[in-house]
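This report refers to the structure that appears directly beneath it.
Laboratory data are not the source of any read-out in this text; all were calculated from the coordinates shown. Not measured: the values here are computed from a predicted model. Ideal geometry is used to build each Cβ from the backbone, glycine not excepted, and the neighbour counts take in all protein chains shown.
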């Protein structure tokens, strides 16, 4: 009986979490989902479906090192918009992040770091990158750029905001 009760509570919890996460994504306005596409300032609206897919992919592929938008290996460099905009080349727009996920470089852009950071270029070393498509990268970038708008300083802010 005790095992049945624990299983029922667990199933109820998972069901509740599914509805909470779905409703949160559905509440994102078009304004929140409007992002810069490239260096020229062209804007696009990321769909709820792309955002949800990006969130799932981020949790599966990126969160082990970037949970909550921080960088565990270098807490001074986070995924907040200020840090992404100061990198070279800039990573505060969708195409900039996609380029980084294909060919990562150091923060100053001088060194290629695909052997240190998961990327499509290093998918032989980082198997989690092997099956990512261009659409997946777009969704991942969209999620990473929407989260600072949703969570504010909590995204990339480190332990003090958790």
Notebook entry, point to check: Which shape class applies to the range 30-161: rounded if a/c is under 1.5, otherwise prolate when a/b exceeds b/c and oblate if not, where a ≥ b ≥ c are the square roots of the Cα gyration tensor eigenvalues?
Noted result: rounded
Note to self: How far apart, in nanometres, would the label points at residue 38 and residue 122 be if each is projected 7 angstrom from Cα along the Cα-to-Cβ direction?
What the structure shows: 2.8
Note to self: Give me Rg/Rg_expected for the range 110-162, where Rg uses Cα atoms only and Rg_expected = 2.2 N^0.38 Å with N residues.
What the structure shows: 1.43
Next item on the list: Could I have the simple spin-label model distance between residue 48 and residue 85, label points 7 Å from Cα toward Cβ, reported in nm to one decimal?
Entry: 3.0
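Relative contact order (percent) for the range 30-161, with alpha-carbon contacts under 8 angstrom and 6 or more residues of separation?
On the way: 192 pairs, mean separation 42.1, N = 132.
Value for the range 30-161: 32 percent.
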